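The block underneath contains the structure these notes are about, expressed in structure tokens.
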Number of protein chains: 2
Amino acid sequence: MADKPRRAKETYRAAGVDINTANELVRFIGKKARATFRPEVISDLGFFGGLFQLGSYVEPVLVSSTDGVGTKIKVACALGRHETIGIDLVHHCVNDILTCGAEPLFFHDYIAMSKLEPEIVESIVNGMTSALSTVGCALIGGETAEMPGIYSEGGYDLVGFIVGVVEKKGVIDGKAINKGDAIIGLPPSGLHTNGYSLARKIFSTEPQKLNVFYPELGRTIGEELLEPHRCYYPMLKPLLPVIKGIAHITGGGIMGNLPRILPPGLTARIERGSWEIPPIFSLIQREGNVEDEEMYRVFNMGIGMVLVCSPVDATNLTKAMPEARFIGEVIEQKVGERVIIA
Amino acid sequence: MADKPRRAKETYRAAGVDINTANELVRFIGKKARATFRPEVISDLGFFGGLFQLGSYVEPVLVSSTDGVGTKIKVACALGRHETIGIDLVHHCVNDILTCGAEPLFFHDYIAMSKLEPEIVESIVNGMTSALSTVGCALIGGETAEMPGIYSEGGYDLVGFIVGVVEKKGVIDGKAINKGDAIIGLPPSGLHTNGYSLARKIFSTEPQKLNVFYPELGRTIGEELLEPHRCYYPMLKPLLPVIKGIAHITGGGIMGNLPRILPPGLTARIERGSWEIPPIFSLIQREGNVEDEEMYRVFNMGIGMVLVCSPVDATNLTKAMPEARFIGEVIEQKVGERVIIA
């Protein structure tokens, strides 16, 4: 069983992939995945389910999330670089459950393409397992599927599924948020995994255009667009007890995501200019002639994660994280009023 | 938050789907998903993570699995019928974790296509949530993604993630299997979700060919091929304590899946003719002129689930499940020997 990770063999054989190559790939994925195992993992790969023995908790709450990486994949395909896409997938998932205060426990992936390309799968798995190891999360299952006719030639999709745990009394769900609480923003590493449909429209996905060097970025636009989604877990983990709400700024920007954690009757006033907007966003806006409002609706605009806490705790948080910025405060909501970016 | 399931709104807007249609779809998915909730679900849809408070267990083992439904999707697309594909996805996942003795707790889905088609998503969600409700499993998260250029026009992919739980002392992992143990087979509902590449090659996916009526099936080949994957959980749940090993017969057939639960040094001798082979398999073999060995390697051949238990318990099991058949026994393995289908 140890030599037969379920995800691969039959598919490869059906795909006509050379059997030695297939065996090598199966061994490769198995070795990489096993290196992420923690003591609670009590099954090997190749079993029908992944078994994870939950440790001792008073009132354990399981927190789970599913994510894709959207059309950032098209940039990866255009440049033939797939390792960072694996990192993106893991970090997006880890950040999502971090918003509830959860510690990541285990992960599954799904990789599907028209015709299996072992080099692409290996790169993705390299990125995923390296990111998972950093946060102590185990890759205990997954599937690699060949779907001719469903996927376009050369295209693939990648889905991640994460489960974490938090004690019930430690759940962060925004319910404790009050009027007057401080709103803190943390900078992203770039676009993270959102806004790629618009970004690709502006810069195209032709390799020669992606290889154009932009002095304000200090690198090519392709390198900038492939910058992996930042993981906030290691930094925020020790600070979670004082945080009342965390919003992961994904599709929909601050306006679309911050309301997801605010209790009824409250909204937020965000002060434009209270943080630095990274050069990539100004470049996108200029090159694409995009309106301000649209920029804030599509992109994170330099805020990858939003934290809400009391004003006193906010001062301590910004001391602990020098890159954190006060970006606004929680206010009473007039009927129908949305988050205000003033 | 209650009216903003995360999975949908932004994507639909970007897709240019009419905003009223989009809002209706969001409400539809939310209503269907909430109807599957169990008391342990302590978050609403639209949050960054799904929160599930685990009940009281002595030594809880979480069992998780990821599955797609393969190219059965192409048959669904050809016939414009997508509800059963949602059922397939859930049952495949539930059966997978059932092999470890687990009770299903919660589920996430990922639906992606080139351009969002609300009717297709609704049909899939109808099938999924109906299947989930039957086994008491909650749909607490998911993602619906529009990926132009990644998926072929009109094609889509569907991935399911399931988490279940079992007490450590109730884990079924095949370790207790001995020489002389009985092997029992349970009939499937059809092809389940495997062998569709070969089946499609033989019958094509042109609607007019899928609509051909076959007297031995009592229905059209399209209806037969879309028959949803059977769920064994309700039937097997009360019988789990006496079962030593369960193999879900998916890609690779009996030969590929039974060895996954057999301890080192043991293999199985399966008696051909000890169960009835459903007409669809004979039809495939005849129409495609497929060799016997290939049939057993690709299809379940009439055995959807294999159970291993002591000979005494086997007698009781077959009494409790009249459709169960003794199909073989566990034997000592000579060096390099695989499962024997004699």
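A short reminder: the numbers here are calculations on the coordinates, not readings from a lab. Treat the numbers as computed from the prediction; the structure is a model and nothing was measured. So basically every Cβ, Gly included, is an ideal-geometry build from the backbone, and we count neighbours across all protein chains shown.
Enumerate the pairs (first residue in segment A:119-147 and on the phi > 0 side of the Ramachandran plot; second residue anywhere and surrounded by fewer than 20 Cβ atoms within 10 Å (Cβ to Cβ)) with beta-carbon separation below 9 Å, excluding pairs fewer than 6 apart on the same chain, so at least 6 apart or on different chains.
Partner pairs satisfying both residue conditions: A:136/A:38; A:136/A:103.
Looking at this structure, is residue B:158 of a type in the set (A, V, I, L, M, F, W, C) and crowded, with 19+ Cβ neighbours inside 10 Å?
yes
Could you list all residues from segment B:191-236 that are within 19 Å of the chain's Cα centre (by Cα), within 23 Å of residue B:68 (Cβ to Cβ), among the aliphatic types (A, V, I, L, M) and crowded, with 21+ Cβ neighbours inside 10 Å?
B:191, B:199, B:225, B:226
When only residues in segment A:41-69 that are assigned to a loop (DSSP other than H, G, I, E, B) and more than 9 Å from chain B (Cβ to nearest Cβ) count, which is nearest to residue A:192 (Cα to Cα)? Steps first, answer last, please.
Taking segment A:41-69 as the starting set, the residues that turn out to be assigned to a loop (DSSP other than H, G, I, E, B) are A:42-49, A:54-59, A:69.
Going one step further and asking which of them are more than 9 Å from chain B (Cβ to nearest Cβ), we end up with A:44-45, A:55-56, A:58, A:69.
Details: A:44: 33, A:45: 30, A:55: 32, A:56: 35, A:58: 35, A:69: 9 Å.
Among residues in segment A:41-69 that are assigned to a loop (DSSP other than H, G, I, E, B) and more than 9 Å from chain B (Cβ to nearest Cβ), the one nearest to residue A:192 (Cα to Cα) is A:69.
How many residues does segment B:271-302 hold that are surrounded by 15 or more Cβ atoms within 10 Å (Cβ to Cβ) and free of Cβ contacts under 8 Å to residues at least 12 places away in the same chain?
The qualifying residues number 1.
Can you tell me which residues in segment B:173-186 are more than 10 Å from chain A (Cβ to nearest Cβ) and either of a type in the set (Phe, Trp, Tyr) or surrounded by 19 or more Cβ atoms within 10 Å (Cβ to Cβ) (or both)?
B:177, B:181, B:182, B:183, B:184, B:185, B:186
For segment A:30-51, enumerate the residues that are touching a residue at least 60 places away in the same chain (Cβ under 8 Å) and surrounded by fewer than 24 Cβ atoms within 10 Å (Cβ to Cβ). Don't jump to the end; show me each part of the working.
Residues of segment A:30-51 touching a residue at least 60 places away in the same chain (Cβ under 8 Å): A:32-33, A:35-38, A:40-41, A:43, A:45, A:49-51.
Listed by number, the residues that qualify are A:32, A:35, A:36, A:37, A:38, A:40, A:41, A:43.
Filter segment B:78-129 for residues that are β-branched (Val, Ile, Thr) and either in contact with a Ser or Thr (Cβ under 7 Å, 6 or more places away or on another chain) or in a helix (DSSP H, G or I) (or both) and give the result. Step through it out loud before you land on a result.
Taking segment B:78-129 first, the residues β-branched (Val, Ile, Thr) are B:84-85, B:87, B:90, B:94, B:97, B:99, B:111, B:120-121, B:124-125, B:129.
The answer is B:84, B:85, B:87, B:90, B:94, B:97, B:111, B:120, B:121, B:124, B:125, B:129.
Only one of (1) facing chain A (nearest Cβ under 8 Å); (2) surrounded by 22 or more Cβ atoms within 10 Å (Cβ to Cβ); (3) over 20 Å from the mean Cα position of the chain (by Cα); (4) more than 28 Å from residue A:62 (Cα to Cα) fails for residue B:145. Which number is that?
Just one mismatch for residue B:145, condition (4).
Return the residue satisfying two criteria in turn: it lies in segment A:106-119 and is of a type outside the set (Phe, Trp, Tyr) and at the interface with chain B (Cβ under 8 Å from one of its Cβ atoms), and of such residues it is nearest to residue A:170 (Cα to Cα). Full working, then the answer.
Filtering segment A:106-119 down to residues of a type outside the set (Phe, Trp, Tyr) leaves A:108-109, A:111-119.
Imposing the further condition that a residue be at the interface with chain B (Cβ under 8 Å from one of its Cβ atoms) reduces the set to A:108-109, A:112.
Values: A:108: 25, A:109: 27, A:112: 36 Å.
Among residues in segment A:106-119 that are of a type outside the set (Phe, Trp, Tyr) and at the interface with chain B (Cβ under 8 Å from one of its Cβ atoms), the one nearest to residue A:170 (Cα to Cα) is A:108.
So in segment A:59-85, with the set limited to residues that are in contact with a strand residue (DSSP E or B) (Cβ under 8 Å, 6 or more places away or on another chain) and among the charged types (D, E, K, R), which one is surrounded by the most Cβ atoms within 10 Å (Cβ to Cβ)? Steps first, answer last, please.
Step one: of segment A:59-85, the residues in contact with a strand residue (DSSP E or B) (Cβ under 8 Å, 6 or more places away or on another chain) are A:59-71, A:73, A:77, A:85.
Of the ones still in play, those that are also among the charged types (D, E, K, R) are A:59, A:67.
Details: A:59: 14, A:67: 28.
It comes out as A:67.
Just to verify a result, which residue in segment B:237-249, among those that are crowded, with 19+ Cβ neighbours inside 10 Å and in contact with a helix residue (DSSP H, G or I) (Cβ under 6 Å, 6 or more places away or on another chain), is nearest to residue B:132 (Cα to Cα)? Don't jump to the end; show me each part of the working.
Taking segment B:237-249 as the starting set, the residues that turn out to be crowded, with 19+ Cβ neighbours inside 10 Å are B:243-249.
Narrowing the set further to residues that are in contact with a helix residue (DSSP H, G or I) (Cβ under 6 Å, 6 or more places away or on another chain) leaves B:245, B:247-249.
Working: B:245: 24, B:247: 21, B:248: 19, B:249: 21 Å.
Checked segment B:237-249; the qualifying residue nearest to residue B:132 (Cα to Cα) is B:248.
On the given criteria, is residue B:227 touching a residue at least 40 places away in the same chain (Cβ under 8 Å) and out of contact with any Asp or Glu (no Cβ under 8 Å at 6 or more places or on another chain)? Walk me through how you get there before you give the answer.
Working: touching a residue at least 40 places away in the same chain (Cβ under 8 Å): yes; out of contact with any Asp or Glu (no Cβ under 8 Å at 6 or more places or on another chain): yes.
Yes, satisfied.
If you scan segment A:303-342, which residues turn out to be closer than 10 Å to residue A:183 by Cβ and buried (at least 20 other Cβ atoms within 10 Å of the Cβ)?
Listed by number, the residues that qualify are A:303, A:306, A:307, A:308, A:309, A:314, A:327, A:328, A:330, A:339.
From (1) on the phi > 0 side of the Ramachandran plot; (2) in contact with a strand residue (DSSP E or B) (Cβ under 6 Å, 6 or more places away or on another chain), pick out the condition that doesn't hold for residue B:164.
Going through (1) on the phi > 0 side of the Ramachandran plot; (2) in contact with a strand residue (DSSP E or B) (Cβ under 6 Å, 6 or more places away or on another chain) one by one, residue B:164 breaks only (1).
If only one of B:205, B:250, B:220, B:193 is without any contact (Cβ under 8 Å) to a residue 12 or more places away in the chain and hydroxyl-bearing (Ser, Thr, Tyr), which one is it? It would help to see each step written out before you state the result.
Details: B:205 fails: without any contact (Cβ under 8 Å) to a residue 12 or more places away in the chain; B:250 fails: without any contact (Cβ under 8 Å) to a residue 12 or more places away in the chain; B:193 fails: without any contact (Cβ under 8 Å) to a residue 12 or more places away in the chain.
From the options B:205, B:250, B:220, B:193, the qualifying one is B:220.
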